[in-house]
Amino acid sequence: MKFGRMDIHVVSDGTWRLDGGSLFGQVPKTLWERMAKPDGKNRVRLGLNCLLIQSPEGNVLIETGVGKKIDERRKDNFAIDGGKLINNLRAVGLKANDIDHVVLTHLHFDHAGGCTKFNRRREPVPTFPRARYYVQQASWEDACHPTERGRASYEPADFRPLLDKGRLELLTKEKEIIPGVWAKPTGGHCNGHQMVLITGSSRKVAYLGDIMPTPYHVPLPYITAYDQHPEQTLDYKRAVLKEAAESQWLVVFSHGFDVHAGYIERQDGRYSIKPVNLAVSE
């Protein structure tokens, strides 16, 4: 997709499956299974969608998927078919060394797993050796000192080497990564969660991370059970959906499977998604 002076691509790291009850929180299965049919273990298939922004000012990657360090137990629990990001970047003509900036909405393993890889000595090292990695400091603190409830969502090998190698920048507020690409704190899903807003044209593109991970989560009450602060998520969703509908933002879903992106529409007080076909490297 051409967007002003930028080219934007959805680049997949693969797919995984998540328990439907966890994915939809308080929404009963009798409602959500009409949209998302679960497998025999009650898991819904999801995408691992990263966003690549190519600009004269540099190449920006938003999220890194699960990567290739996943252990067999986690791979089986979540039916993970991932680790495809690097190959799919090659499909759009880029190598790992070509990435200048990596923006992470937060540090859960399904978003930050591809930040690092194992070297020949089985040591985790940054996957994108030239890149600067950006995450909110509150998200970093949450990942380094998780509660019992959140511990399973983090893997220190995904993010600790970024600090050790001097590739990490901790943010405390919004930041313009390159001209027209903004990291903006949202909270809600976890402490320090952030979204990415892309400007520089008459319209905007929003990557909302896990504030609204799939098209199924456009209705306001649809919030995952993983959210640390669901009421905060609800407030942010309400504000961002209103602006997205009024200003015709293109929204990209971090975990959309059949639908990766679309425009938000409002009719009779309810929000819905008008899907957009973006070329996806899979």
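The values are calculated or read from the model by the stated rules, or taken from the named source; none is laboratory data. What you see is a predicted model, and the numbers here were worked out from it, not measured in a lab. Counting neighbours? That spans all protein chains shown, and the Cβs are built from the backbone with ideal geometry, glycine included.
Structure notes:
- Scanning region 234-262 for residues that are surrounded by 14 or more Cβ atoms within 10 Å (Cβ to Cβ) and of a type in the set (Ser, Thr, Tyr) turns up Tyr236, Ser254.
- Some residue of region 77-100 being at pLDDT 95 or above, crowded, with 17+ Cβ neighbours inside 10 Å and assigned to a strand (DSSP E or B): no
- Selection from region 233-282 of residues that are more than 30 Å from Gly93 (Cβ to Cβ), part of a strand (DSSP E or B), polar (S, T, N, Q) and touching a residue at least 12 places away in the same chain (Cβ under 8 Å): Ser272
- Number of positions in region 228-271 that are polar (S, T, N, Q), modelled with pLDDT of 95 or more and more than 23 Å from Leu85 (Cα to Cα): 3
- Scan of region 71-87 for residues that are of a type outside the set (Phe, Trp, Tyr), touching a strand residue (DSSP E or B) at 6+ places or on another chain (Cβ under 8 Å) and over 14 Å from Thr127 (Cα atoms), ordered by number: Ala79, Ile80, Asp81, Gly82
Listed here are the residues, each with its yes/no results for (1) hydroxyl-bearing (Ser, Thr, Tyr); (2) closer than 12 Å to Leu23 by Cα; (3) within 17 Å of the chain's Cα centre (by Cα).
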residue	(1), (2), (3)
Tyr207	yes, no, yes
Pro219	no, no, no
Thr224	yes, yes, yes
Thr233	yes, no, yes
Arg238	no, no, no
Leu241	no, no, no
Glu246	no, no, no
Val251	no, no, yes
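- Region 15-35, residues that are of a type outside the set (S, T, N, Q), touching a residue at least 60 places away in the same chain (Cβ under 8 Å) and either buried (at least 19 other Cβ atoms within 10 Å of the Cβ) or touching a Pro at 6+ places or on another chain (Cβ under 8 Å) (or both): Trp16, Arg17, Leu18, Leu23, Phe24, Gly25, Val27, Trp32
- Selection within region 108-142 - of a type in the set (Phe, Trp, Tyr) and not in a loop (DSSP other than H, G, I, E, B): Phe109, Phe118, Tyr133, Tyr134, Trp140
- In the set Lys68, Lys75, only one residue is within 16 Å of Arg17 (Cβ to Cβ) and out of contact with any helix residue (DSSP H, G or I) (no Cβ under 6 Å at 6 or more places or on another chain); that residue is Lys75.
- Any chance Gln267 is more than 16 Å from Ile8 (Cα to Cα), surrounded by 14 or more Cβ atoms within 10 Å (Cβ to Cβ) and of a type in the set (S, T, N, Q): no
- Of all residues in region 7-20, none are touching a helix residue (DSSP H, G or I) at 6+ places or on another chain (Cβ under 6 Å), part of a loop (DSSP other than H, G, I, E, B), under 26 Å from Cys190 (Cβ atoms) and modelled with pLDDT of 95 or more.
- Residue list for region 26-84, restricted to those being under 18 Å from the mean Cα position of the chain (by Cα) and closer than 14 Å to Tyr216 by Cα: Val44, Arg45, Leu46, Gly47
- Residue list for region 143-159, filter: free of Cβ contacts under 8 Å to residues at least 60 places away in the same chain and either in contact with a Ser or Thr (Cβ under 9 Å, 6 or more places away or on another chain) or crowded, with 21+ Cβ neighbours inside 10 Å (or both): Ala143, Pro146, Phe159
- Selection of region 42-70 for residues being in contact with a strand residue (DSSP E or B) (Cβ under 9 Å, 6 or more places away or on another chain), touching a residue at least 24 places away in the same chain (Cβ under 8 Å) and in a loop (DSSP other than H, G, I, E, B) yields Pro56, Glu57, Glu63, Thr64, Gly65, Val66, Gly67, Lys68, Lys69.
- Restricting region 164-222 to residues that are of a type in the set (S, T, N, Q) and touching a Ser or Thr at 6+ places or on another chain (Cβ under 7 Å) leaves a set whose member that is farthest from Gly65 (Cα to Cα) is Asn191.
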